[in-house]
Every structure is written in structure tokens, then in C-alpha cells.
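See structure below.
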Amino acid sequence: KVELSETSGKITYPGTTTVEVTTNISGGDLSVESSSGDIATATIKDGVVTITAGTTSGNATITVTSDATNNYNKAFATYEVTVEKGTLVVDAQGYEGIYDGSADGITVTCEGAKITYATSENGTYRYS
């Protein structure tokens, strides 16, 4: 028998949450997996399961497994997680002044996201 401190919860991207293994009668080695790594991933250390929001919102089942031992069969416990879309905060600092024909830069920062862009030879920008 394996039991967790909670059986369900919500997290908002890019957040994390933790639940504890409160019962592991067999004493078997513990492992954890997610039904959908795009929605949430999970790790376990010292009986604490850390669940991290993936890049897709939705629902995932986190399964904690206690391996079989001489006297006990393999046992499972599940945690149902709902990952909700988060709000990304973007900061952009561009050139200020009168355009003089020179190349000018821009700095864009956004925690939890990758920002990419490219330029073409005709000077137009393509964002991805």
C-alpha cells in the first residue's frame, strides 16, 4: 500500500508543487512517472514528489510506484494534476531616438520562454 499526502491539485505554468509519500508499507523502492510529460513531469527524492508544469495545459496522472519486496506486491498511488496556462511577463527595451539608418538593437527578456527571431536581407523580421 502506498499513500500520498494529497490526491489532486492544480498548478499554473511555469510552477511546481510537491506531495509526500505518507505510507509505503512494503518499503519497496519508489519511482514516479507522468501520463503526459507535455502537461507535467515528476521526480521523487526521499519520499517527496515534485511535480513541474509542462508547456501544455491540461490534466495528467502522476503515478508513484513502490516496488515489490519479498513479502509485498508492487503498489501504486496516483495524483491527478491540472496544469493551467500562466501569464508570461515580457520586458522589451528598444532603441530610442531619431533613426539614422544604422542598425539598432532590442533587448527582450521573458522568464520561462524562449524568444527567437530572424531578419531577412530585405530588412523584414520573422518572429517564431
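Scanning the stretch 48-68 for residues that are surrounded by 14 or more Cβ atoms within 10 Å (Cβ to Cβ) and over 18 Å from T12 (Cα atoms) yields T63, V64, T65, S66, D67. Here V83 meets the list (1) open to solvent by less than 60 Å² (accessible area, probe 1.4 Å); (2) within 30 Å of T12 (Cβ to Cβ); (3) out of contact with any Ser or Thr (no Cβ under 6 Å at 6 or more places or on another chain); (4) at pLDDT 80 or above almost entirely, failing just condition (3). Any chance the stretch 24-32 includes a residue that's open to solvent by less than 50 Å² (accessible area, probe 1.4 Å) and under 19 Å from V83 (Cβ atoms)? Checked against the condition, which is being open to solvent by less than 50 Å² (accessible area, probe 1.4 Å) and under 19 Å from V83 (Cβ atoms), the stretch 24-32 yields at least one hit. Set side by side, the residues A92, A75, A103 differ, and just one is surrounded by 15 or more Cβ atoms within 10 Å (Cβ to Cβ) and either closer than 18 Å to L4 by Cβ or at pLDDT below 95 (or both), which is A75.
Here's the yes/no breakdown for (1) within 14 Å of T63 (Cβ to Cβ); (2) in contact (Cβ under 8 Å) with a residue 40 or more places away in the chain; (3) among the aliphatic types (A, V, I, L, M):
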residue: V2; (1), (2), (3): yes, yes, yes
residue: T16; (1), (2), (3): no, no, no
residue: T22; (1), (2), (3): no, no, no
residue: I25; (1), (2), (3): no, yes, yes
residue: D29; (1), (2), (3): no, no, no
residue: S36; (1), (2), (3): yes, no, no
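Scanning the stretch 2-17 for residues that are surrounded by 14 or more Cβ atoms within 10 Å (Cβ to Cβ), among the β-branched types (V, I, T) and farther than 23 Å from A113 by Cα returns a single hit, V2. Scanning the stretch 9-64 for residues that are modelled with pLDDT of 95 or more, under 14 Å from F76 (Cβ atoms) and of a type in the set (S, T, Y) gives T23, S31, S34, S35, T61, T63. Working only within the stretch 59-100, note down all residues that are outside any strand (DSSP E or B) and either in contact (Cβ under 8 Å) with a residue 60 or more places away in the chain or among the small types (G, A, S) (or both). If the condition is that a residue be outside any strand (DSSP E or B) and either in contact (Cβ under 8 Å) with a residue 60 or more places away in the chain or among the small types (G, A, S) (or both), then A68, K85, G86, G94, G97 are the ones that fit.
The values are calculated or read from the model by the stated rules, or taken from the named source; none is laboratory data. Quick caveat: nothing in here was measured; it's all calculated off a predicted structure. Every residue, glycine among them, receives a Cβ derived from its backbone with ideal geometry; neighbour counts consider all protein chains shown. Note: accessible area is taken over every heavy atom of the protein model, side chains too, but ligands, DNA and RNA are not part of it. Shrake-Rupley method; radii C 1.70, N 1.55, O 1.52, S 1.80 Å.
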